[in-house]
Amino acid sequence: MWLPCRCAAKYVAASFSRGVSASFLHALRRNRSSWNAAAFMPESSGFEGVSGRDALHDYSVSHSESFWAAVARQRLSWIRPFDVVQDCDLSQGRISWFEGGKLNVSVNCLDRHVHTCPERVALIWERDEQGSEVRYTYKELLEMTCRLGNLLRRQGVKKGDCVTIYMPTCPLAVASMLACARIGAAHNVVFAGFSAEALAERIRDAQSSTVITVNQGVRGGKITELKRTVDAAVRSCPSVQQVFVAMRTEKQVEMTDRDFVLEEEMLKEDDVLFLLYTSGSTGKPKGLVHTQAGYLLYAAFTHRYVFGYHDGDVFGCVADIGWITGHSYTVYGPLANGGTTVLFESTPVYPDPGRYWEMVERLRINQFYGAPTAIRLLIKYGDQWVKKYDRSSLTTLGSVGEPINTEAWEWYNRVVGEGRCPVVDTWWQTETGGICIAPKPSEPDAEIVPGMAMRPFFGIKPVLMDTEGKVLTSNNTSGALCMAQPWPGMARTIHNNHQRFIETYFQPYPGYFFTGDGAYRSEKGYYQITGRLDDVINVSGHRIGTAEIEDVVNQCPAVAESAVIGYSHSIKGQGVYAFVVLKKGVDIQEADISKQLNNMVSEKIAKYACPEFVQFAKRLPKTRSGKIMRRVLRKVVECDLDSLGDLSTLDDPAAVQEIIKGHEKLL
Ligand code: PRX
């Protein structure tokens, strides 16, 4: 039904991501102070010595250019300031104002007011039905406009195209006009009292590819069949490729392939900021969807408070922007806070293992944020590479992506931070958008326990679940880590697969967000992450599903089946170990197949996902129902043969012995 859009929570000023460049917002902010002035008073705004209406009028005609230039600068938000106030020649019919300047009408009409007074009513829709008026705030009108603009773009409407609007006076008509303005399309509003023929003539002349209309109009208590009129008109308009039909009444009208219900199409448009693919426990990576306001707020807020970021600081997050850490703490968090952020293109050991610390000295980095895998690597090269450089600028050291072992934590704290910079072990995920558990913020002298993420961030309510799905209430306990409340930074869906989103995160523990991680809660109530509970492993801080690697390995023509697991690796945190069963009759050297598998994995996924070990086996240990017993494989690889656990469901216990022997041989 035709109702005002009430999804205000989803609103964000810049929600029209594809249409609004950052410079819009910049221009907006630059001009905000003048817009905020109680009222535009030309006398007090650069027209010195001019007072009174008549004098001002004289000035406006005698100094026309400077008058209009001042007014334009004050009343409008410019993306780019104009160079020439006017270049008109009435004798030639040449009229040109504000040359070189650039602005967006829609941003001028909406965004800047939403910044200062989002709840102000922008439209009062006095409907035909007396006494049933509906009010729309600026925020709502902007959201409607953004959705419509996104929709038009998705449907191929480009800058310079012309959209015909054949609608009665209503909010969606206004939003349609503003949406066109937003994306740089021209609108061609045709009075809804015009006939099909008059409409067709205007559509043809404008060469419009898109028409926006309503199913029926309501005027003076009478229904008009506007969609039917459009149908008749477009029969003689070959340029029209699509017609959007808003539902002013409940009456269904005939729809063709070319017709779309406007409100339905608009609902598909969200304020998506980005997709970021990450691994799950099945072979197919999931495109997690983050939207704008919630994500940005959370990234900025956590950046400010977890790291104690202050204006003027230089923030050094060394993660690649291809991972969520790079998104939230190299790009969005620092920039939203007006900070200075370092984009690190290199590696921790290039040209030598002092790279990070030389950079800290040279760029005067205040907060350094990196991964334990790099710390472990650097420990091996010795303290001298760190001590060589001045690190007095550092105030906070962050760790992310995987558990940080005590040795690495101590070294980071003692050697890098000289014991004066708090080390914050930050736990979060692609799904969470930003840091959820970290030692900071905390009371100034509160303790920080090595290797513990410790304290939930503002608005985060972690719970631990037992195997039956009950909340564990006591301390000094371990369980599945879930979140009991939503927070703004959460991913909104999995691209093209909302069902998978629900099944993965919300069905395992109904009413809770399931992280996929296990955690321990200490006596004092601090959290420590113990690792993944699913078949996702973490290699050098890079998350990868074992099923993803198996999918590739199984594509090798010589391979019958495989099982991939993670094992403890002193530098990488976890390494990849593949068990491979070859097809009968395969007559290729195992070493050649290993090489081939490595090539395939690095080609189809990435180098870091390549198996460090490939163990060839005649068969894999399976349950009677045919499920590979990964638990057993993990224990074998960890050389923990005393705790292989219950083997009674094994199909053939001899398979385990073969695997153990094969593993011993490989070492
Ligand atoms: O298992 C946890 C581990 O990394 C997973 C999330 O990976 P990804 O989505 O790629 O995001 C990594 C960067 C935020 C988590 O489910 N993880 C992340 N941070 C930590 C961690 N494990 C232990 N301690 C951490 N601080």
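The values are calculated or read from the model by the stated rules, or taken from the named source; none is laboratory data. Predicted, not measured: the structure shown is a model, and the values here were computed from it. Note that we place each Cβ from the backbone using ideal geometry, even for glycine, and neighbour counts take in every protein chain shown.
In the set Q367, Q384, Q429, which member is crowded, with 24+ Cβ neighbours inside 10 Å and either on the phi < 0 side of the Ramachandran plot or among the charged types (D, E, K, R) (or both)?
Testing whether each residue is crowded, with 24+ Cβ neighbours inside 10 Å and either on the phi < 0 side of the Ramachandran plot or among the charged types (D, E, K, R) (or both) leaves just Q367.
Would you check if S562 is away from the ligand (no atom under 13 Å from the Cβ) and out of contact with any strand residue (DSSP E or B) (no Cβ under 6 Å at 6 or more places or on another chain)?
no
Taking the conditions exactly as written (within 16 Å of the ligand (Cβ to nearest atom) and more than 30 Å from P462 (Cβ to Cβ)), does I605 satisfy them or not?
Criteria met by I605.
Scan the stretch 576-591 for residues that are in contact with an Asp or Glu (Cβ under 9 Å, 6 or more places away or on another chain) and either within 16 Å of the ligand (Cβ to nearest atom) or β-branched (V, I, T) (or both) and jot them down.
Matches in the stretch 576-591: V576, V580, V581.
Could you identify the single residue in L262, L267, L288 that is crowded, with 16+ Cβ neighbours inside 10 Å and either farther than 27 Å from I494 by Cβ or away from the ligand (no atom under 16 Å from the Cβ) (or both)?
L262
Do you know which of the residues in the stretch 304-351 that are of a type in the set (D, E, K, R) and outside any helix (DSSP H, G or I) is farthest from the ligand (Cβ to nearest atom)?
D311
Only one residue in K627, K635, K661 is more than 44 Å from the chain's Cα centre (by Cα) and among the basic types (K, R). Which one?
It is K661.
Take the residues of the stretch 352-404 that are closer than 27 Å to T430 by Cα and charged (D, E, K, R): which is nearest to the ligand (Cβ to nearest atom)?
Here the residue is E402.
Can you tell me which of E550, E523 is more than 15 Å from the ligand (Cβ to nearest atom) and modelled with pLDDT under 95?
Just one listed residue meets the conditions, E550.
Out of all the residues in the stretch 536-550, which are more than 17 Å from N598 (Cα to Cα) and not hydrophobic (A, V, I, L, M, F, W, C)?
Those that are more than 17 Å from N598 (Cα to Cα) and not hydrophobic (A, V, I, L, M, F, W, C): N538, S540, G541, H542, R543.
Does L288 count as among the aliphatic types (A, V, I, L, M) and not in a strand (DSSP E or B)?
Spelling it out, it is not the case that L288 is among the aliphatic types (A, V, I, L, M) and not in a strand (DSSP E or B).
G280 passes all but one of (1) surrounded by fewer than 16 Cβ atoms within 10 Å (Cβ to Cβ); (2) within 30 Å of P508 (Cβ to Cβ); which number fails?
Just one mismatch for G280, condition (1).
Answer yes or no: is there a residue in the stretch 597-606 that is at pLDDT 95 or above, under 42 Å from the mean Cα position of the chain (by Cα) and surrounded by fewer than 16 Cβ atoms within 10 Å (Cβ to Cβ).
yes
For the stretch 144-244, give me every one of the helices (runs of 4 or more DSSP H) that falls completely inside it and has 2 or more residues that are more than 29 Å from A122 (Cα to Cα).
Filter on the stretch 144-244 gives 196-206, 226-234.
Of the residues that sit in the stretch 96-122 and are without any contact (Cβ under 8 Å) to a residue 24 or more places away in the chain and of a type in the set (G, A, S), which one is surrounded by the most Cβ atoms within 10 Å (Cβ to Cβ)?
Checking each candidate, the answer is A122.
Any chance you could count how many residues in the stretch 608-646 are loosely packed, with under 13 Cβ neighbours inside 10 Å and aliphatic (A, V, I, L, M)?
1
Being surrounded by fewer than 21 Cβ atoms within 10 Å (Cβ to Cβ), within 12 Å of the ligand (Cβ to nearest atom), under 29 Å from L377 (Cα atoms) and hydroxyl-bearing (S, T, Y), is that true of even one residue in the stretch 502-519?
So far as the stretch 502-519 goes, no, none of its residues is surrounded by fewer than 21 Cβ atoms within 10 Å (Cβ to Cβ), within 12 Å of the ligand (Cβ to nearest atom), under 29 Å from L377 (Cα atoms) and hydroxyl-bearing (S, T, Y).
Restricting to helices (runs of 4 or more DSSP H) lying wholly in the stretch 1-97: which have 1 or more residues that are at pLDDT below 50?
Ranges flagged: 22-36.
Give the number of residues within the stretch 575-596 that are of a type outside the set (A, V, I, L, M), surrounded by 13 or more Cβ atoms within 10 Å (Cβ to Cβ) and assigned to a helix (DSSP H, G or I).
3
Sort out which residues of the stretch 270-283 are in a loop (DSSP other than H, G, I, E, B) and away from the ligand (no atom under 16 Å from the Cβ), and write them in order of number.
Residues satisfying the conditions are D270, D271, G283.
Considering each of P441, P450 in turn, give the residue that is within 16 Å of the ligand (Cβ to nearest atom) and either modelled with pLDDT of 95 or more or not small (G, A, S) (or both).
None of the others qualify; the one that does is P450.
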